[in-house]
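Working notes, beginning with the structure itself.
FYI, it's all coordinate maths here, none of it is from the lab. Quick caveat: nothing in here was measured; it's all calculated off a predicted structure. Because the Cβ atoms are built from the backbone with ideal geometry, glycine has one as well, and the counts that use them run over all protein chains shown.
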Amino acid sequence: MLTCDDYLSPTTLDAAFEAMAANAGRYRLVAGATDILPWAREGRAGDVHIPVMIDIAGIPELNTREIEGGRVRLGAATRFQRFLDDPKLSKAMPVMPRCAVWFADDQIRESATIGGNLVNGSPAADGTPALLALDANVVLAAKRDGKIIRRKLPLANFALGPGKTAIEPDEILLEIECDALPGHGGAFEKVGHRRSLVISTACVAALIEIDAKTSTIRDVRLACAGIGPVPQRMEALEAGLKGKPLSESVLGQAADAAPDFVASRTRQDYRREVVRGFVLRALINAARRAGAGHKLISSEFEAAHV
C-alpha cells in the first residue's frame, strides 16, 4: 500500500523548488505517476509511506513541444500518447510512434511521461533507446543561490546503471532535446514475459535514411535496451552500415554482429538470439518506411524476418 501525508501540485518551477526545499528528504517528485503504485504494491516494496508527493506535471516548462532548426524540444511531462496523436511530433521523431504503440495501453500512455521513463533508470526502459537513436540530450534544472540554473548532458551519460541516473537530489528533469529526422524511417522491436503491458526483456530502436539516387544507407541509428546494465547505442553496427549499399546481405551482416552487445547477467543465450532477430527486423522495417523498394529488399526476405 502507498500512503502520503501531503500531495502538492506546484504550477511554476519556483514553486516546485520551494516545495522541494521545504520538504527536503521527505518528498518524491511525480508527473504521470504510473510507476508508483506497481513499485509500492505488496511483494515489491511492501507498504510505502512518502510524506510529501510533489506533482510537477502542471508546470508549463515541462509541457513544451517545439520543432525548430532540425531539433525537437520536449518538456519532460510530455505524455507517450502525444507520439501517436501529434502528427508533427510523429513525423519529426519517426521512431517514437513505433515505441509508443508498444508502451502499455491507451490509459497509461495518456498519463505516463517521457521524463518519468528516463529518470527511473531502468535498463529496459522503452523510451531510452528510441531517444538515444535520436541523439538526445537531457536538460536538468535546479534552484541554487536564489537562481534557477540549467545543465545539459547527453542522454547516453544520464543512465548510470539499474535505477541510477546522473540527476542530483535538488534537480528536476526539465526537457529533452533531440534530432528531428523527418526523412528517416523508424522501427521499434520489443519482447517481454507476457503480451499485455509488457516490461521489455529486450528492445531495439532503429532509424534509417536512404540515398534515393544511389540506394546507399546515408544514415543509420541503432540502440538497444534490456540486454545490459544501461540502454546503449550500437555504434559499431552503425559504422558498418553507413555508406554501404542497402542490401539483404549488408543488413544480415549487421544483425549477425548484434549479439556481441548482450551484457546481461541472465538469459544471455536467449537475449543473443532475440537481439539478432530484432536488429534485422528493425532494419528491414525502418528501410521500408524510408522508401526501400522490393528490388533492394525482396518480399521473401522481408516475410522471413518481419
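Quick look at the values:
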read-out: Shape parameters for segment 185-305, alpha-carbon atoms, Rg then Dmax in Å; value: 14.0, 45
read-out: Theoretical gain in end-to-end length, residue 273 to residue 22 [0.36 nm per residue, Cα-Cα removed]; value: 85.3 nm
read-out: FRET efficiency, 1/(1 + (r/R0)^6) with R0 22 Å, evaluated for residue 303 and residue 247 via beta carbons; value: 0.85
read-out: Order of 4, 203 under a 10 Å beta carbon neighbour criterion, fewest first; value: 4, 203
read-out: Exposed-site-free run, longest, the chain (rule: trypsin sites (Lys or Arg not before Pro); DSSP loop; at most 16 other C-beta within 10 Å); value: 45-193
read-out: Segment 1-100: GluC sites (Glu not before Pro) falling in loop per DSSP and having at most 13 other Cβ within 10 Å; value: 42
read-out: Per-residue Cβ neighbour rank within 10 angstrom, fewest leading, 96, 1, 234, 20; value: 1, 20, 234, 96
read-out: Rh (Kirkwood; distinct C-alpha pairs) - segment 60-179, Å; value: 14.4
read-out: Under-5 Å amide H pairs with residue 55, H placed in peptide plane, nonlocal only; value: 8, 9, 30
read-out: Calculated FRET value between residue 295 and residue 65, using beta carbons and R₀ = 30 Å, to 0.05; value: 0.20
read-out: Relative contact order of the chain, pairs being alpha-carbon contacts under 8 Å that are 6 or more residues apart, as %; value: 15
read-out: Two-decimal Rg/Rh across the chain, once Rg and the Kirkwood Rh are taken from alpha-carbon atoms; value: 1.00
read-out: Positive minus negative residues near residue 178 (Lys, Arg vs Asp, Glu; Cβ under 9 Å); value: -1
read-out: The chain - share of DSSP beta bridges that are antiparallel (%, nearest 5); value: 80
read-out: Placed amide H near residue 180: partners under 5 Å, 5+ positions off or other chain; value: 71, 72
read-out: Kirkwood Rh, angstrom, segment 65-117 [1 / mean 1/r, Cα pairs]; value: 11.1
read-out: Lysine pair number, Cα distance threshold 23 Å (strictly under), segment 185-305, separation 8 or more or different chains; value: 5
